[in-house]
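Read the structure below first, then the notes.
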Amino acid sequence: MIIYAATGNLHKKQELQQLFAPHTVSIPKDQGIAFDPEENGSSFVENSLIKAKALYDIVQKPVIADDSGICVDVLDGRPGIYSARYQGKGVPVSDEKISDEQRNLKLLEEAWEAADAAGISRDQITARFVCAMVLYLGPDRFYCIQETIEGRLVESLDKISGDGGFGYDPVLYLPEYGKTIADLTSDEKNAISHRGKAAKKIAGLL
């Protein structure tokens with residue numbers, strides 16, 4: 001079956017295609033649909049529902065949407081729902097495009113500064129990826145799963161590692177695996193990641 005996914009992120013489409021195989025994942029761009037809903041929710045769940053409903057209203061078929069981000073404890077959970085548009089300490093959240101590498105450096109610099117001020121060792125900065133995934137079957141019928149993967153931020157620039165994944169994957173270290181998320185194979189990541197765990201449960205509902 002075709003699964004409509006409310007995203008314009010090609011990296012995310014690729015992950016979802018792996019997670020929902022043998023189904024076919026189709027994103028708005030594939031169908032020539034202009035899709036850019038305002039994600040003005042106050043939580044991952046709210047933003048997922050906004051995106052899911054926006055695409056459902058167009059295609060009138062079941063839709064999957066997710067909202068995800070990284071939450072750093074020493075930063076009181078920031079950047080959270082603003083992860084994709086995060087510009088670093090003291091800079092307003094913006095849609096201005098910067099590279100993943102630039103965004104990762106801004107996050108690390110802020111987290112390291114906060115940890116130093118709090119007397120926390122840089123190799124003990126706990127953080128997690130959060131994913132809220134929605135299977136939207138209609139305005140009055142939908143399911144939502146929220147999952148996490150726990151880890152720590154890398155403690156130095158030379159620890160940034162891996163060319164797999166995208167976004168903040170190279171800076172979240174998984175102690176039990178001895179590697180960052182970006183160092184995992186696709187199969188490893190899909191088995192344990194926030195999006196992978198949520199997708200597995202949504203796939204079960206499908």
query = Tally time: how many residues in segment 34-61 are closer than 24 Å to F129 by Cα, small (G, A, S) and touching a strand residue (DSSP E or B) at 6+ places or on another chain (Cβ under 9 Å)?
reply = 4
task = Might you let me know whether segment 145-154 holds any residue that is of a type in the set (S, T, Y), within 21 Å of N9 (Cβ to Cβ), at pLDDT 95 or above and surrounded by fewer than 20 Cβ atoms within 10 Å (Cβ to Cβ)?
result = yes
query = Quick check: is even one residue across segment 50-62 within 20 Å of C144 (Cβ to Cβ), hydrophobic (A, V, I, L, M, F, W, C), assigned to a helix (DSSP H, G or I) and touching a Cys at 6+ places or on another chain (Cβ under 7 Å)?
reply = no
task = Please report, ordered by residue number, the strands (runs of 3 or more DSSP E) entirely within segment 76-176 with at least 1 residues that are over 13 Å from the mean Cα position of the chain (by Cα) and within 22 Å of G41 (Cβ to Cβ).
result = 126-138, 141-153
remark   = Of (1) in contact with a Lys or Arg (Cβ under 8 Å, 6 or more places away or on another chain); (2) at pLDDT 95 or above; (3) open to solvent by less than 70 Å² (accessible area, probe 1.4 Å), I120 satisfies every one except (1)
inquiry  = For segment 13-27, give me each residue that is open to solvent by less than 20 Å² (accessible area, probe 1.4 Å) and under 15 Å from S68 (Cβ atoms).
reply    = E15, L16
key: In segment 28-49, residue modelled with the lowest pLDDT [restricted to those that are acidic (D, E) and either crowded, with 19+ Cβ neighbours inside 10 Å or part of a helix (DSSP H, G or I) (or both)]   = D30
request  = Considering only segment 183-206, state which residues are within 13 Å of the chain's Cα centre (by Cα) and either free of Cβ contacts under 8 Å to residues at least 24 places away in the same chain or open to solvent by 60 Å² or more (accessible area, probe 1.4 Å) (or both).
outcome  = K197
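The values are calculated or read from the model by the stated rules, or taken from the named source; none is laboratory data. For clarity, every value in this text was computed on a predicted model and none was experimentally measured. Backbone-built Cβ (ideal geometry, glycine too); neighbour counts: all protein chains shown. We work out accessible area using only protein heavy atoms, side chains counted, and drop any ligands, DNA or RNA first. Shrake-Rupley method; radii C 1.70, N 1.55, O 1.52, S 1.80 Å.
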